[in-house]
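Every number here is computed from the coordinates shown, using simple stated rules; none is lab data. All values derive from a computational prediction rather than experimental measurement. Neighbour counts are summed over all protein chains in view; Cβ atoms, including those assigned to glycine, are modelled from backbone coordinates with ideal geometry.
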Amino acid sequence: MKRFKNILYVIEPTAEQESTIARAVSLAVNNQADLTIVDVIPTQVVTAGIGLPPGGPIYDELRASVESDQRNAMESMVQSFKERLQIRLEVLVGKTYLEAIRAILKNGYDLLIKPAENPTWTNRLFGSDDLHLLRKCPCPVWLMKPPEKSNYRSILAAVDFDLLVPLPSEHELNREILELAASLAHSDFASLHIVHAWEALGEKKIVSRGSMLPEGLTNYGEREHERHRKELYTLAGELSGWIGKDSYDYLSPSFHLPKGPAKKVIAPLAAELRADLVVMGTIARTGISGLIIGNTAEAILDQLTCSVLAIKPPGFKTPVKFDEV
C-alpha cells in the first residue's frame, strides 16, 4: 500500500482547522510519518505596523513578535494531539503557496494537506492559493473540505487514457492515482469507485454530416465503448497486481464509464456517488508542465464540492524558485 513519510500541513486562516488537523494526524500516525504544520503570515501583516518595507531592525523585531504570537496560537491548536504524535510547528512569512512549495523543495515533504479556502462557498470550493498549489506543487496536494470527516465512506479515482496515443507518463500517473485511492479506501473501509469518461472519436462530426446511418452510428459507439471498457479493466488487473490480490478482492472496486467530456460528467458522478474524496491528475496531456492545470482538470475542480487529492505526473518540475516573490 502507498505510504507517506513526511507530511506538510498548511493552515488556512479562513477555515475551521480542528477536523482537518485531526485527519492529518491520523494519516501521519497510520503511515508512521513525520508531520509538520506551518502557518504562513502575509508580509503585509508584519509591515502594516511600521509602514516600511521588509528589512531592518524594526522589521525584524516586529516579525519576531508576530511569529512568537502565532506559534503560541499553534501550540494551543495542536495541544490535544500531542499524545498521539510529535508535531513540528513552523511560522513562515510571505505568500502561502510560495512558502509552502519552498518548504517542500527544502525538506522533501511527500504530501501537502491544506483546508480549502472557500469551504462555505456554493460556486467554487477552491481559492487562489489552492489553485496555485494545484498547478505548481511538486508533491500530491490534498485539499480538504472542512469540517473534514474522520473516515471516508466513498472515494472516487478518476483515470484518463488515450487509446490512439498512449503515453507512458499517463500510465504512471494512473498507477499513482489508483494506488493512492486504493490505499485510502482500504484504511478507511471506504467504497472505491474507478471512473473513466469516454467519447466516441469523431462522433459529433459524423452526426453533423449525416454520413452514417443511425444503426451504424450505434454500432460505432458500442465498439468505442467496448474499447474503453477493456482498457479500464486492463488497468483494474494491473491494480490487483500492484496492491495484491487479497487487498484488491477486499476493496472490490466499482467501475464507471460515463459517456461524455470528463469536465461535464466527473463532478455529477462524484455527487451522485456521494464521494467524500476525488483522487485525480491535474496536468494536461499537451500543457506546459508546471504552468497550467489542464482545462479539463480545472473545469472538474470548479464543480467539485468534496475534498480532492491531486496528483502530478512523474517527472513534474515545479516552476517555483527559492528567490521568487
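Tell me, what ³J(HN,Hα) does each residue in the range 62-76 have, in order and in whole Hz, if you take phi through Karplus 6.51 cos²θ - 1.76 cosθ + 1.60 with θ = phi - 60° and put x for Gly and Pro?
5, 4, 4, 5, 5, 5, 5, 4, 5, 5, 4, 5, 5, 4, 5
Could you tell me which of the pairs Lys263/Lys317; Lys82/Lys106; Lys106/Lys264 are separated by over 32 angstrom between their Cα atoms in the structure shown?
Listed pairs above 32 Å: Lys106/Lys264.
Determine the gain in length on full extension of the stretch Val165-Ser252; use 0.36 nm per residue of separation and subtract their C-alpha separation, reporting nm with one decimal.
Length gained between Val165 and Ser252: 28.4 nm.
Would you please give the residues with an amide H less than 5 Å from that of Ile113, counting only those at least 5 places away or on a separate chain, with H modeled from the backbone geometry?
Placed amide hydrogens put Leu8, Tyr9, Val10, Trp142 under 5 Å from Ile113.
If the reach is capped at under 16 angstrom between alpha carbons, list the aspartates and glutamates near Lys136, excluding any in the same chain fewer than eight residues apart.
Cα-Cα hits under 16 Å: Glu99, Asp110, Glu298, Asp323, Glu324.
Within straight cross-link reach of Lys245, meaning Cα distance under 21 Å, which lysines are found once same-chain residues fewer than 8 apart are removed?
Lys2, Lys230
May I ask you to compute the full-extension gain from Thr43 to Lys264, defined as 0.36 nm times their residue separation minus their alpha-carbon distance, rounded to one decimal in nm?
Stretched out fully, the Thr43 to Lys264 stretch lengthens by 75.6 nm.
Give the calculated FRET efficiency between Glu272 and Lys5 to the nearest 0.05, with a Förster radius of 45 Å applied to their Cβ-Cβ distance.
For Glu272 and Lys5, the calculated efficiency is 0.80.
What FRET efficiency, computed as 1/(1 + (r/R0)^6) with R0 = 25 Å and r the Cβ-Cβ distance, is obtained for His225 and Lys317, rounded to the nearest 0.05?
Step by step, r from the Cβ atoms, then E = 0.10.
In nm, what is the difference between 0.36 nm times the number of residues separating Glu238 and Arg84 and their Cα-Cα distance?
51.8 nm
Need the list of aspartates and glutamates near Lys145 for cross-linking: C-alpha distance under 15 angstrom, and skip anything on the same chain fewer than eight residues off.
Reachable aspartates and glutamates: Glu12, Glu16, Glu18, Glu117, Asp129, Asp130, Asp276, Asp302.
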